[in-house]
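Written below as structure tokens is the structure these notes are about.
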Amino acid sequence: MTNATEARQHWLGLMARAPDGRVAALLTDSGLAPTFDTLRAPEIGTVMVRGRMGATGGAFNLSEMTVTRASVSLACGTVGHGYVAGRSKPGAEAAALIDAILQTEKSGLARDAILVPLENEETARKAERAKKAAATKVDFFTMVRGESD
Amino acid sequence: MYVAVKGGERAIDNAHAWLAEERRGDTSVAELSVAQIREQLSLAVNRVMAEGSLYDPDLAALAIKQARGDLIEAIFLIRAYRTTLPRFGYSEPVDTTRMACDRRISATFKDLPGGQVLGPTFDYTHRLIDFALAAEGEVPDAPTRDTDPDASIPHVMEFLNSEGLIEEALPDPTEPPDLTREPLEIPAERALRLQSLARSDEGFTLGMAYSTQRGYGRNHAFVGELRIGTVAVELDIPELGFAIEIGEMTVTECETVNQFQGSKTEPPQFTRGYGLVVGQCERKAISVALVDRALRWEELGEENVGAPAQDSEFVLYHGDNIQATGFLEHIKLPHYVDFQSELELVRKLRREAGAMELPEAAE
């Protein structure tokens, strides 16, 4: 897998995991929103999520989740795809637009204005939850009873 | 002859208008928002997502509002809605080893890497009504402790595995069956049973699991591990040519360790039951693991003692609360013609019986 693919996986995943509305808001605030053609109008559907029997065994179908996807192309011909959990059409379209912008010469600007805040917010969100969980970790200690001799 | 009976339209419309009014309740009390239900009744939302078999907290919260808090009605709404959506594909199996755990406990090992993390649990509460909740007030922030949020927490089963004392769950590339595409057929393989149990009624599944503990197909379960947290969902995107994360979901996973004396085909070892349910649904995940283990009797060469929890047809065909309620509740709908024919049959039988008895009565 190439670095370009890994980078694209990273930003698409980052946008998909962001809270509803956040990606579209960052795109608007960045002032980077370009004109575009719609290749695939935002569409709500489902993905069947799988698990593994015994966590490591064969796959089984667990449950569906709602997902919205969209595809756009910029004036320069660059194509962007957005796949985000939930039912936000503006969210999927914003993700597709940002995916396209990040493949153009404006990628540096988009990185600073959109990806960096998303990364920081996600890190903070995860850390806060992990810290609360860590505070509920049991510290076992042994009661010493009677005299030792 | 069939005679259609018309004339209920206005009564039905008026009944539904009154339903809407009753749903709203006393208008001097503030209306519930969907976000309030999602945030403050989150375990009800989780149950509706699990049994509705569609992960979407906002939609489940809306369904609960529409159903006036009747969770089976809300699950029905979710099941109906999901049939209207196109299916984009099947995800990669979620990797629960990489779960960001809110809770992770083991009843079998006290000291284990990652520790016993209680999370936001009802356990150890006193189950006394908290009248302070009836008044509005701020909730103090939960305490925190520094930790590495990226540290992965190994599954407890790996420790027993290293000694070879427990059956292994080996990867299998077989494409699993899908209950939402093919009707349920018996015998059902384990992958199909786990899908069916993941969406089965919590109360029914709990009852079946409890029956195994009380001796109907006893299999001595310990909770080897219970974990609740978020996992990433990965989907292969054909237009990209690679897989990406399309979001995260909260899941509850329970692995049981079960005493096993060995059978004709298997050596004495610990066997396993597995329950994976979407959302924070702890009681349900433990129940699924117990029932999963009971249903594995044949594969493990155990005796069928005729216990209900060993009967996959009984468990799987009666655990779906939407199928069950559909069939149960339909008997309250008009059966005038059916009943008319029954009535005439009974009258006829009585006439015939009466005709035979009459000569005696005359004596």
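Charging the Cβ of each Asp and Glu at -1 and of each Lys and Arg at +1, and nothing else, the dipole of region B:10-82 about its Cα centre rounds to 160 debye.
Considering the protein assembly as shown, its Cα convex hull presents a mean projected area of 41.2 nm².
When the helices of chain B are scored as -39500 (n - 2.57) per DSSP H run of n ≥ 4 and the total is divided over every residue, the value at 222 nm lands at -12000 deg cm²/dmol.
Roughly how many Å is it from the Cα centre of region B:257-276 to that of region A:29-52, as a whole number? Measuring centre to centre over Cα atoms gives 45 Å. Along the axis of the charge dipole computed for region A:3-132 (Cβ charges of +1 for Lys and Arg, -1 for Asp and Glu, origin at the Cα centre), the listed residues A:Leu32, A:Ala96, A:Ala130 are led at the positive end by A:Ala130. Here the simple spin-label model places points 7 Å from the Cα toward Cβ, and for A:Ala41 and B:Trp18 these points are separated by 4.2 nm.
Considering chain B at the alpha-carbon level, its Rg and Dmax are found to be 26.0, 99 Å. Taking the C-alpha atoms only, the angle from helix A:3-17 to the longest principal axis of chain A is near 70 degrees. Taking GluC sites (Glu not before Pro) in DSSP loop states with no more than 13 other Cβ atoms inside 10 Å as exposed sites, chain A has its longest site-free stretch at A:1-104. Region B:103-175 and region B:64-86 have Cα centres lying 30 Å from one another.
Label reach from B:Tyr124 (point 7 Å along Cα→C-beta): in region A:111-139, amide nitrogens under 20 Å belong to A:129-139. Against the main long axis of the alpha-carbon atoms of chain B, helix B:71-82 sits at an angle near 80°.
Anyone know which of A:Ala130, A:Ala16, A:Ala75 comes out most mobile in the 10 Å Cα GNM of chain A? Answer for the Gaussian network model of chain A: A:Ala130.
This ranking places B:His155, B:His318 by how few other beta-carbon atoms lie within 10 Å of each, fewest first, which gives B:His318, B:His155.
Here the extension length gained between B:Tyr216 and B:Asp70 equals 49.4 nm, from 0.36 nm per residue of separation less the Cα-Cα distance.
The residues A:Thr66, B:Thr27, when put in order of fewest to most other Cβ atoms within 10 Å, stand as B:Thr27, A:Thr66.
Net charge around B:Ser106, counting only other residues with Cβ within less than 15 Å of its Cβ (Lys, Arg = +1; Asp, Glu = -1)?
Working: positive: A:Lys137, B:Arg103, B:Arg104, B:Lys110, B:Arg227, B:Arg272; negative: B:Asp111, B:Asp123, B:Glu158, B:Glu225, B:Glu253, B:Glu255, B:Glu282.
Cβ neighbours under 15 Å give a net charge of -1.
Applying 1/(1 + (r/R0)^6) with R0 = 45 Å to the Cβ-Cβ distance of B:Leu43 and B:Ser263, what FRET efficiency is obtained, to the nearest 0.05?
Working: r = 39 Å, r/R0 = 0.87.
So, using R0 = 45 Å, E works out to roughly 0.70.
For A:Val67, the shell of other residues with beta-carbons less than 15 Å away shows a net charge of -4, using +1 for Lys and Arg and -1 for Asp and Glu.
Considering only the other residues whose Cβ falls under 10 Å of the Cβ of A:Lys132, what net charge follows from Lys and Arg at +1 and Asp and Glu at -1? Net local charge, A:Lys132 excluded: 0.
For an R0 of 35 angstrom, estimate the FRET efficiency from the Cβ-Cβ distance between B:Glu344 and B:Gln323 and round to the nearest 0.05. Provide the component values of the computation, followed by the final result.
Working: r = 32 Å, r/R0 = 0.91.
Computed FRET efficiency for B:Glu344 and B:Gln323: 0.65.
Can you give the FRET efficiency for B:Ser28 and A:Ala33, using 1/(1 + (r/R0)^6), R0 = 60 Å, r = Cβ-Cβ distance, to the nearest 0.05?
Details: r = 45 Å, r/R0 = 0.75.
Taking R0 as 60 Å, the efficiency between B:Ser28 and A:Ala33 is 0.85.
Which is the longest run of chain B containing none of the trypsin sites (Lys or Arg not before Pro) found in DSSP loop states (not H, G, I, E, B) with at most 10 other C-beta atoms within 10 Å? Counting only loop sites that pass the neighbour cut-off, the longest clear stretch is B:7-109. Over chain A, dividing the summed -39,500 (n - 2.57) contributions of all DSSP H runs of at least 4 residues by the number of residues returns a 222 nm mean residue ellipticity of -13000 deg cm²/dmol. Convex hull of alpha carbon positions in region A:3-132: directionally averaged projected area 9.6 nm². Could you work out which residue, out of A:Arg50, A:Arg111, A:Arg87, moves most in a Gaussian network model of chain A, that is, has the largest mean-square fluctuation with Cα springs under 10 Å? Ranking A:Arg50, A:Arg111, A:Arg87 by mean-square fluctuation puts A:Arg50 first.
Counted over chain B, the DSSP beta bridges are approximately 95% antiparallel. Of the chymotrypsin sites (Phe, Trp or Tyr not before Pro) in region B:30-129, the ones in a loop by DSSP (not H, G, I, E or B) with at most 13 other beta carbons within 10 Å are B:Phe122, B:Tyr124. Packing around the peptides B:299-305, A:133-139, taken as the average count of other Cβ atoms within 10 Å per residue, puts them in this order, highest first: A:133-139, B:299-305. This ranking places B:Asp102, B:Asp111 by how few other beta-carbon atoms lie within 10 Å of each, fewest first, which gives B:Asp111, B:Asp102.
Where a number appears in this text, it was derived from the coordinates with a stated rule and is not lab data. As the structure is a prediction and not an experimental result, all values here were calculated from the model. Cβ: placed from backbone, ideal geometry, glycine included. Neighbour counts: every protein chain shown.
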